Amino acid sequence: MTKNKQTFSIRETAEILVPDKFGRTSYLIALSVCIVMILIIVALYQRVPINVPMFFTLPWGEARLAPRIVLYLLPLTAILCLVLNLFLGRVSAKLSPLLPQVLSVSTAIISAMMLVSLLGIIQSLIL
């Protein structure tokens, strides 16, 4: 009696999860941007004031401020978007071949927008 041995290959798993190369590239870009955001926050955390402007839709003043730990919401939101869109793209692949690609590109765009927001907040505080 022989056991069925399965080996793990990250390349094969990625190809199963996201079949097209364009989608994998978009998700990889989004994940890289999330990692860069986390590294930026960790590197500059001590230089950032205790309260940072975070809620720009609120009236001017203290209502816009939040504790600096809230900066981690930006990469966290991008990662949650990535996971959700990856799941939705996988589920909807049977319905339409275009929808997973749109989701992967939108994930990369959302991650890039989060990075720009983080850089804007950091720039207004540090400089």
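The values are calculated or read from the model by the stated rules, or taken from the named source; none is laboratory data. Keep in mind it's a predicted model, so treat the numbers as computed, not measured. Because the Cβ atoms are built from the backbone with ideal geometry, glycine has one as well, and the counts that use them run over all protein chains shown.
Would you point out the residue of segment 66-75, among those that are among the hydrophobic types (A, V, I, L, M, F, W, C) and either in a helix (DSSP H, G or I) or in contact with a Ser or Thr (Cβ under 7 Å, 6 or more places away or on another chain) (or both), that is nearest to V102 (Cα to Cα)?
Start the filter on segment 66-75 by keeping residues that are among the hydrophobic types (A, V, I, L, M, F, W, C), which leaves 66, 69-71, 73-74.
Next, only the ones that are either in a helix (DSSP H, G or I) or in contact with a Ser or Thr (Cβ under 7 Å, 6 or more places away or on another chain) (or both) stay: 69-71, 73-74.
Details: I69: 32, V70: 29, L71: 27, L73: 24, L74: 21 Å.
Ranking the candidates gives L74 first.
Mind listing whichever residues of segment 103-126 are without any contact (Cβ under 8 Å) to a residue 60 or more places away in the chain and in contact with a strand residue (DSSP E or B) (Cβ under 9 Å, 6 or more places away or on another chain)?
none
Any residue at all in segment 72-84 that is farther than 30 Å from I121 by Cβ and either among the β-branched types (V, I, T) or modelled with pLDDT of 90 or more (or both)?
No, there is no match, as no residue in segment 72-84 is farther than 30 Å from I121 by Cβ and either among the β-branched types (V, I, T) or modelled with pLDDT of 90 or more (or both).
Which one of these is assigned to a helix (DSSP H, G or I), under 17 Å from V116 (Cα atoms), of a type in the set (A, V, I, L, M) and touching a Cys at 6+ places or on another chain (Cβ under 6 Å): A30, A78, A43?
A78
Being surrounded by fewer than 15 Cβ atoms within 10 Å (Cβ to Cβ), in contact (Cβ under 8 Å) with a residue 24 or more places away in the chain and either of a type outside the set (S, T, Y) or more than 19 Å from K21 (Cβ to Cβ) (or both) is true for just one of P49, P75, P67, P100. Which residue is that?
Values: P75 fails: surrounded by fewer than 15 Cβ atoms within 10 Å (Cβ to Cβ); P67 fails: in contact (Cβ under 8 Å) with a residue 24 or more places away in the chain; P100 fails: surrounded by fewer than 15 Cβ atoms within 10 Å (Cβ to Cβ).
So the residue among P49, P75, P67, P100 that is surrounded by fewer than 15 Cβ atoms within 10 Å (Cβ to Cβ), in contact (Cβ under 8 Å) with a residue 24 or more places away in the chain and either of a type outside the set (S, T, Y) or more than 19 Å from K21 (Cβ to Cβ) (or both) is P49.
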